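The values are calculated or read from the model by the stated rules, or taken from the named source; none is laboratory data. Note that the coordinates shown come from a computational prediction; the quantities given were computed from them, not determined experimentally. Don't worry about glycine lacking a Cβ; one is built from the backbone with ideal geometry, like all the others, and counts go over all protein chains shown. Ligands, DNA and RNA are excluded from the accessible area calculation, which covers all protein heavy atoms including side chains. Shrake-Rupley method; radii C 1.70, N 1.55, O 1.52, S 1.80 Å.
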Amino acid sequence: MNQSKRSPKRRLTWLWLLLIGIVIGAALLAGGATVMHKTSDTAFCVSCHSMERPLAEYQGSVHFQNTKGIRAECADCHVPHQPIDYLTTKVMALKDVWGEMTGKIDTPEKYDAHKLEMAQSVWDTMKKNDSATCRSCHSYEAMDVLAQRPEAQHEHPIAIKNGETCIDCHKGVAHILPDMSELSAAGANELSAAAAKVPANASTLWSISTQPFWLSADSKQHNAGNLMPGTEVSVVKRENNMILAEVDGWQQDGVNEVFYAAAGKRILSVLLGEEARAQVKHVSDFTDPETKLVWHKSALQVWLPAGQLIDNQKKIWDYAATMMSTNCTGCHGLTSLDRFNANQWIGVIKGMAPRTSLDQEQLRVLTRYVQQHASDMPAASKEAN
């Protein structure tokens, strides 16, 4: 009897406990959602002292003010909408709180020192998730490509066809790009490391940079000229650390100071000193039907140090493509290589060079890359080995 009297009370107790649990759970859920929402608010994001610099960059961008009157807030670009990615991003943001507390970027000097690292982290994330936050506002399916600017009309269909993602071409749309010289230097170091590992039996090689050459195996003498980056040579023989190689190219009639990579294209391959010019052999002739200029297919044997040549041209092009992607997206999207012909690319690169952090050697590599893949170059010349 006593047991039966206690049962309703016990059930009532459990009901109250369940109700209290539901209320507490709902309160925690609502509170958590509120905290998540408030900490994604732009006002909260820029409340830290260290965010003054990126805030100023953002306020000067098209994502802050534009003709459409549509503003992308911080969370729109930096916080993905998918539940798991959303929670992961919020948890990982705790490192930013720690960075603010420890003053990691509390001065302009510290900010500049870490800017590339921070930017690279965001780019890598967007690359992995197919630019998910960008696509929450922009999508290929919704684009009226024909109503876009001429450059976008040309580039977006190519990006769609190649399966490219937004961050591949649009890295500087909301913030000023960091100094990219560190990335470019790292790429050059990787090329040098690869050149040092080229097998001794490799018969076709490419110069990884502007490379002096000699007419004998004695490299202590003054060099007889220079190979430009990306120039192909065929190995004739090896002697200690030097390679005797044959290089060919095209010379315009009456202009014997250089080899060009193709007839009629100002793609520099070899710069020839006076002694080297005397040893050039003419193989065949070609008359351009449009300009009536006569071109000579020419060849020359030169001595080169083995450590500056690579057996995989694709590695040079990958290095150049990375430089182009990281340095040429602050003002516009990445321009497709067939946008210009080989001769036009010379002026484009010269015009854009002052806006990048690339040095003269890096610009030579980049120029050779875009020219080699220009609209008027045959497909065979664009294939990487």
Listed residues Val91, Val46, Val23, Val62; which is open to solvent by less than 60 Å² (accessible area, probe 1.4 Å) and not basic (Lys, Arg)? Val46
Go through the range 144-173 and give me each residue that's surrounded by 15 or more Cβ atoms within 10 Å (Cβ to Cβ) and without any contact (Cβ under 8 Å) to a residue 40 or more places away in the chain. His156, Ala159, Glu164, Thr165
Can you confirm whether Asn223 is without any contact (Cβ under 8 Å) to a residue 60 or more places away in the chain and under 27 Å from Trp345 (Cα atoms)? no
How many residues, within the range 250-268, are open to solvent by 30 Å² or more (accessible area, probe 1.4 Å) and over 31 Å from the mean Cα position of the chain (by Cα)? 7
Looking at (1) open to solvent by 50 Å² or more (accessible area, probe 1.4 Å); (2) closer than 30 Å to Thr356 by Cα; (3) touching a residue at least 24 places away in the same chain (Cβ under 8 Å); (4) in a loop (DSSP other than H, G, I, E, B), which is the one condition that is false for Glu182? (4)
Failed item in (1) over 21 Å from Thr39 (Cβ atoms); (2) in contact (Cβ under 8 Å) with a residue 60 or more places away in the chain; (3) open to solvent by less than 60 Å² (accessible area, probe 1.4 Å), with Asp112 passing the rest: (3)
Scan the range 221-230 residue by residue and report those that are surrounded by fewer than 23 Cβ atoms within 10 Å (Cβ to Cβ) and either more than 18 Å from Glu274 (Cα to Cα) or touching a Pro at 6+ places or on another chain (Cβ under 6 Å) (or both). Asn223, Asn226
Cross-chain or 6+ apart pairs with Cβ under 6 Å, the range 186-208 first and farther than 20 Å from Val247 by Cα, then among the charged types (D, E, K, R) and open to solvent by 30 Å² or more (accessible area, probe 1.4 Å): Ala194/Lys315
Cβ-Cβ distance below 6 Å, separation of 6 or more or different chains: which pairs start in the range 122-134 with a residue that is among the small types (Gly, Ala, Ser) and end on one that is outside any loop (DSSP other than H, G, I, E, B)? Ser131/Cys166; Ser131/Ile167
If I filter the range 94-109 down to residues being open to solvent by 70 Å² or more (accessible area, probe 1.4 Å) and β-branched (Val, Ile, Thr), which single residue comes out as farthest from Met36 (Cα to Cα)? Thr102
Options Thr322, Thr356, Thr335, Thr326; residue that is hydroxyl-bearing (Ser, Thr, Tyr) and either in contact with a Gly (Cβ under 8 Å, 6 or more places away or on another chain) or more than 30 Å from Glu164 (Cβ to Cβ) (or both): Thr322
Report the residue count in the range 149-181 for those that are within 22 Å of Ser136 (Cα to Cα) and in contact with a His (Cβ under 8 Å, 6 or more places away or on another chain). 3
What number goes with the only condition from (1) at pLDDT below 90; (2) open to solvent by 70 Å² or more (accessible area, probe 1.4 Å) that Lys128 does not pass? (1)
Scan the helices (runs of 4 or more DSSP H) fully inside the range 269-385 and keep the ones with 1 or more residues being open to solvent by 20 Å² or more (accessible area, probe 1.4 Å), modelled with pLDDT under 90 and closer than 22 Å to Ser209 by Cα. 313-327, 342-352, 379-382
When you scan the range 73-86, do you find a residue that is surrounded by 12 or more Cβ atoms within 10 Å (Cβ to Cβ) and either in contact (Cβ under 8 Å) with a residue 60 or more places away in the chain or over 42 Å from the mean Cα position of the chain (by Cα) (or both), even just one? yes
